[in-house]
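Reading through the structure tokens given below for one structure.
The values are calculated or read from the model by the stated rules, or taken from the named source; none is laboratory data. This structure is a prediction, so every number in the text was calculated from the model and none was measured. So basically every Cβ, Gly included, is an ideal-geometry build from the backbone, and we count neighbours across all protein chains shown.
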Amino acid sequence: MTSDQALARLAALCSRGEQAESDLRDKLCRWQIAPGEADGIIRRLKQENFLSDERYARAFVRDKFRFNGWGRIKIAHALRQKHIAGQWIEQALADEIDADDYRAELVRLMQGKLRTVAGRQPQAARAALLRFAASRGFESDLCYSCLDEVWRGQNQPDDE
């Protein structure tokens, strides 16, 4: 594949959705494009505004929170693995996730998980909920706070 063909394919890919520079570099490597040519292609994609780490970070945060139910820790870790700069990660997390929505999502996830741990000893059920929330990438202080809320709501007597 020539450099022009690679540029055209990557431009088309970037037109369909935001892409991480590291993913594009991996593609160029698989296509056996020389490192110097790959740098030029990436530079051109950035100049022509096909590629932006800031836009990618914002889209990634938005999608992983809304569609996958990931917390800030897991999202930030995934972005760091894609070599996105810390400034873009922090900015995207601050701008794209509303604090009230974030808490409400964790409560919703924990309420769903609570149904699967019903019947366990209370201490084991609470531990399972905390592990679940931590595996989704939510901060521990928020996990404890939401756990108390979910646990109180689950143990409330029904209105008659």
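Residue pairs whose Cβ atoms lie under 7 Å apart, sitting 6 or more positions apart in sequence or on different chains, and linking a residue in the stretch 76-101 that is polar (S, T, N, Q) to a partner that is at pLDDT 95 or above and part of a helix (DSSP H, G or I), do not occur here. Going by what's in this entry, would residue 114 be described as assigned to a helix (DSSP H, G or I), among the aliphatic types (A, V, I, L, M) and assigned by TED's automatic domain parsing to the domain that holds residue 132? Yes; evaluated as a whole, the condition is true for this residue. Of the residues making up the stretch 91-107, those that are surrounded by 14 or more Cβ atoms within 10 Å (Cβ to Cβ) and either on the phi > 0 side of the Ramachandran plot or not hydroxyl-bearing (Ser, Thr, Tyr) (or both) are 91, 92, 93, 96, 97, 103, 105, 106, 107.
Screening the candidates 79, 51, 24 for the property of being under 11 Å from the mean Cα position of the chain (by Cα) and surrounded by 15 or more Cβ atoms within 10 Å (Cβ to Cβ) yields one hit, 79.
Comparison of 59, 8, 38 shows that the only residue that is surrounded by fewer than 18 Cβ atoms within 10 Å (Cβ to Cβ) and over 30 Å from residue 102 (Cβ atoms) is 8. Checked against (1) surrounded by fewer than 15 Cβ atoms within 10 Å (Cβ to Cβ); (2) assigned to a helix (DSSP H, G or I); (3) of a type outside the set (A, V, I, L, M); (4) without any contact (Cβ under 8 Å) to a residue 40 or more places away in the chain, residue 119 passes all but a single condition, namely (2). Looking at 34, 20, 12, just one residue is at pLDDT below 95 and not assigned by TED's automatic domain parsing to the domain that holds residue 82, and that residue is 34.
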